[in-house]
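Participant: Next up is a structure, given as structure tokens.
None of the figures in this text is laboratory data; all of them are computed from the coordinates on show. Fair warning: this is a prediction, and the values are worked out from it, not measured in the lab. Cβ placement follows ideal geometry from the backbone for every residue including glycine, while neighbour counts extend to all protein chains displayed.
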Amino acid sequence: MAGALADADVLIEALRGDTEVLSRIDAAAAGEPRFLSVLTAAELRAGGSGDEPAVGALIADFVVLDLELSVAEHGGRLRRRFAPTHGTDLIDAMLAALALAHDLTLVTNNRRHYPMPSLRLG
């Protein structure tokens with residue numbers, strides 16, 4: 001699978017009216033699908049505007065990926081490895097593991113949290 005996985009931080013920018021964000025995600029997807037994780041959907045719903053129709057419309061505009069046990073375990077290992085040096089939290093690590101498992105480019109503004117070898121960032 002190829003395409004782009006969007007981090008919550010860039011999608012929050014889109015919800016705030018940044019029209020360039022979706023173009024950036026599309027460019028990273030290079031004609032392939034745009035994805036978001038179930039964890040990112042939860043982050044968007046947890047925010048102050050989580051119940052607004054715009055959040056639902058944005059989520060519906062992406063293919064939503066579930067987490068498999070192997071991805072979750074890999075994410076846990078990534079967090080253990082990179083949290084002390086790069087501030088990688090558990091959701092960051094899970095997104096990295098998901099992008100790596102599905103050969104996706106991760107679109108984020110928090111590049112410091114994603115030092116994982118072979119992870120493509122957009």
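Participant: Checking the structure you have, find out if any residue of the stretch 101-117 is in a helix (DSSP H, G or I) and among the small types (Gly, Ala, Ser).
Facilitator: Restricting attention to the stretch 101-117, the residues satisfying the condition of being in a helix (DSSP H, G or I) are 101, 111-113.
Next, from what is left, pick out any that are among the small types (Gly, Ala, Ser): 101.
Yes, because at least one residue in the stretch 101-117 is in a helix (DSSP H, G or I) and among the small types (Gly, Ala, Ser).
Participant: Could you list, in sequence order, the residues of the stretch 84-108 that are closer than 21 Å to Leu22 by Cβ, under 10 Å from the mean Cα position of the chain (by Cα) and not hydrophobic (A, V, I, L, M, F, W, C)?
Facilitator: Those that are closer than 21 Å to Leu22 by Cβ, under 10 Å from the mean Cα position of the chain (by Cα) and not hydrophobic (A, V, I, L, M, F, W, C): Thr105, Thr108.
Participant: Are there any pairs with C-beta distances below 7 angstrom linking a residue in the stretch 109-122 that is free of Cβ contacts under 8 Å to residues at least 40 places away in the same chain to a residue that is loosely packed, with under 15 Cβ neighbours inside 10 Å, with the two at least 6 apart or on different chains, and if so which?
Facilitator: Close Cβ pairs satisfying both conditions: Arg112/Gly87; His113/Gly87; Leu121/Arg111.
Participant: In the stretch 1-60, which residues are under 13 Å from the mean Cα position of the chain (by Cα) and among the small types (Gly, Ala, Ser)?
Facilitator: If the condition is that a residue be under 13 Å from the mean Cα position of the chain (by Cα) and among the small types (Gly, Ala, Ser), then Gly3, Ala4, Ala6, Ala8, Ala28, Ala29, Ser37, Ala41, Ala42 are the ones that fit.
Participant: Within the stretch 95-119, can you find the residues that are in contact with a strand residue (DSSP E or B) (Cβ under 7 Å, 6 or more places away or on another chain) and surrounded by 18 or more Cβ atoms within 10 Å (Cβ to Cβ)?
Facilitator: Hits for the stretch 95-119 are Leu95, Ala96, Leu98, Ala99, Leu104, Thr105, Leu106, Val107, Thr108, Tyr114.
Participant: So, in the stretch 16-32, exactly how many residues are closer than 19 Å to Leu98 by Cα and surrounded by fewer than 13 Cβ atoms within 10 Å (Cβ to Cβ)? Walk me through it before giving the result.
Facilitator: Start the filter on the stretch 16-32 by keeping residues that are closer than 19 Å to Leu98 by Cα, which leaves 25-26, 28-30, 32.
Cutting the leftovers down to surrounded by fewer than 13 Cβ atoms within 10 Å (Cβ to Cβ) gives us 30.
Adding up the residues that qualify gives 1.
Participant: Could you list all residues from the stretch 34-67 that are out of contact with any strand residue (DSSP E or B) (no Cβ under 9 Å at 6 or more places or on another chain), surrounded by fewer than 16 Cβ atoms within 10 Å (Cβ to Cβ) and over 14 Å from Glu13 (Cα atoms)?
Facilitator: Ala42, Arg45, Ala46, Asp51, Glu52, Pro53, Gly56, Ala57, Ala60
Participant: Restricting the search to the stretch 68-94, which residues are surrounded by fewer than 14 Cβ atoms within 10 Å (Cβ to Cβ) and not charged (D, E, K, R)?
Facilitator: Leu69, Ser70, Pro84, Thr85, Gly87
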